[in-house]
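Report on the following structure.
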Amino acid sequence: MSLLAIIGGTGLTSLDGLTIKEKRTVDTPFGQPSSELLVGEFQGHPVIFLPRHGQQHGIPPHKINYRANIWALKNQGVENILAVAAVGGIRDDMAPGVIAIPDQIIDYTYGREHSFFSDDFSSDKHIDFTYPYDENLRQQLISAAQQQAIACVKDGTYAAVQGPRLETAAEIRRLANDGCSMVGMTGMPEASLARELELAYASCAVSANWAAGLSDSEITMADIEQTVANGMSKIKQLLTQLIPSL
Ligand code: HPA
């Protein structure tokens, strides 16, 4: 059975149902991961959990050591990564509370360490990133959702933005024109780093709010956290179905 890691984001700094057996500190050539790896079992199946903002949610999106996180998981024998991420909804079907399994990414971030090969490059390090998410893992997520009767949007382009501020209304109009369905701050370079290390990576996005300018209400962190907390019960249900099937 291949080992699964779950990278949790806003609203998922711990995972209910995960029995933690060990908190493992992993040093990497790229520095420290966001936290110790929480190594344990979910319904009898081995799982590693990593809160990407740290256990106290103290690391902002642009300061996350994505390279250390992905390298540490690879080093521990992980083969599949499920990234859970809060997003702002842009496309009509991405209302707050909706779960989506994106199939494409546009990267608008800047200044992040985004390759393992920056200092050690050769032509074979140009990874194919046509389809940024692992299609097999995506389909398993979609079918786990269907079997649990959890409504989920089966595709969509994830706009990865720099943060930590939220967007302007004009920025969201531009992302919509670019074809983006949802916007979040952590999807890149996480996904491409996983591909560089040949890990299967897919994302489960929880819409926390309508993106800037798409609703009349102000976007507050309190509302985002509340909506994501509600969405997390669906994620847990989905994991219950997914993990034994991997
Ligand atoms: N924008 C960017 N990231 C987010 C948002 C948003 O509106 N909501 C949750 N994460």
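Bear in mind that the values in this text are calculations on the coordinates, not laboratory data. Keep in mind that this is a model prediction, so the values were computed, not measured. Neighbour counts run over all protein chains shown; Cβ positions are idealised from the backbone, glycine included.
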Checklist entry - Distance in nm between label sites at ASP128 and TYR110, each 7 Å beyond Cα in the beta-carbon direction? => result 3.2
Checklist entry - What does the helix-only formula give at 222 nm for the chain: each DSSP H stretch with n ≥ 4 adding -39500 (n - 2.57), the total divided by the residues, and the result rounded to the nearest 500 deg cm²/dmol? => result -8500 deg cm²/dmol
Checklist entry - Spin-label point model (7 Å from Cα, Cβ direction): what's the ASP93 to GLU218 distance in nm? => result 3.4
Item to check | Fraction of beta bridges assigned by DSSP in the chain that are antiparallel (%, nearest 5) | outcome: 35
Next on the checklist: Below 8 Å, C-alpha to C-alpha, sequence gap of six or more: please give me the relative contact order for segment 4-245 in percent.
Outcome noted: 27
Next on the checklist: If I require 30 Å or longer along the helix axis, counting alpha carbons, and a Kyte-Doolittle average no lower than -1.0, what helices from the chain are left? Use full DSSP H segments.
Outcome noted: 221-245
Next on the checklist: I want to verify a result. In a Gaussian network model of the chain, Cα cutoff 10 Å, which of these has the top mean-square fluctuation: MET221, MET185, MET232?
Outcome noted: MET221
Checklist entry - Which one of GLY97, GLY179, GLY187 has the biggest mean-square fluctuation once the chain is modelled by GNM with Cα springs under 10 Å? => result GLY179
Item to check | Integer Hz, Karplus 6.51/-1.76/1.60 couplings in order for segment 86-103, x for Gly and Pro | outcome: 7, 9, x, x, 10, 5, 3, 8, 10, 4, x, x, 6, 9, 9, 10, x, 10
Next on the checklist: For a quick check: with amide H placed at 1.01 Å from N, whose amide H comes under 5 Å from ALA83's, ignoring anything fewer than 5 positions away on the same chain?
Outcome noted: ILE7, ALA202, SER203, CYS204
Checklist outcome for this item: Compactness check, segment 1-78: C-alpha Rg relative to the 2.2 N^0.38 Å globular estimate gives 1.02
Checklist entry - At what distance in nm do the modelled label points of ARG165 and GLN56 sit from each other, each positioned 7 Å from its Cα along Cα→Cβ? => result 2.7
Item to check | Taking HIS62, HIS53 and counting other C-beta atoms within 10 Å, the order from fewest to most | outcome: HIS62, HIS53
Item to check | Stretch in the chain that is longest and holds no GluC sites (Glu not before Pro) that DSSP places in a loop and that have at most 13 other beta carbons within 10 Å | outcome: 1-197
Checklist entry - What is the diffusion coefficient of segment 4-245 in µm²/s, taking the Kirkwood radius over Cα pairs and the Stokes-Einstein relation at 20 °C with a viscosity of 1.002 mPa s? => result 120
Next on the checklist: Out of the chymotrypsin sites (Phe, Trp or Tyr not before Pro) in segment 81-117, which ones are loop residues according to DSSP with at most 12 other C-beta atoms within 10 Å?
Outcome noted: TYR110, PHE117
Item to check | Estimated FRET transfer efficiency when R0 is 25 angstrom, pair ARG173-ASN230 (beta carbons, to 0.05) | outcome: 0.35
Checklist entry - Which cross-chain or sequence-distant (5 or more) residues have an amide H under 5 Å from the amide H of VAL153, H modelled 1.01 Å from N in plane? => result ILE99, ALA100, ILE101
Checklist entry - Near the amide H of MET182, under 5 Å away, which other amide H atoms are found, from residues 5 or more places off or on another chain, if H is placed in the peptide plane? => result ILE90, ARG91, THR157, ALA159
Checklist outcome for this item: If every Lys and Arg gets +1 and every Asp and Glu gets -1 at its Cβ, then about the Cα centre the chain yields a dipole, in debye to the nearest 20, of 360
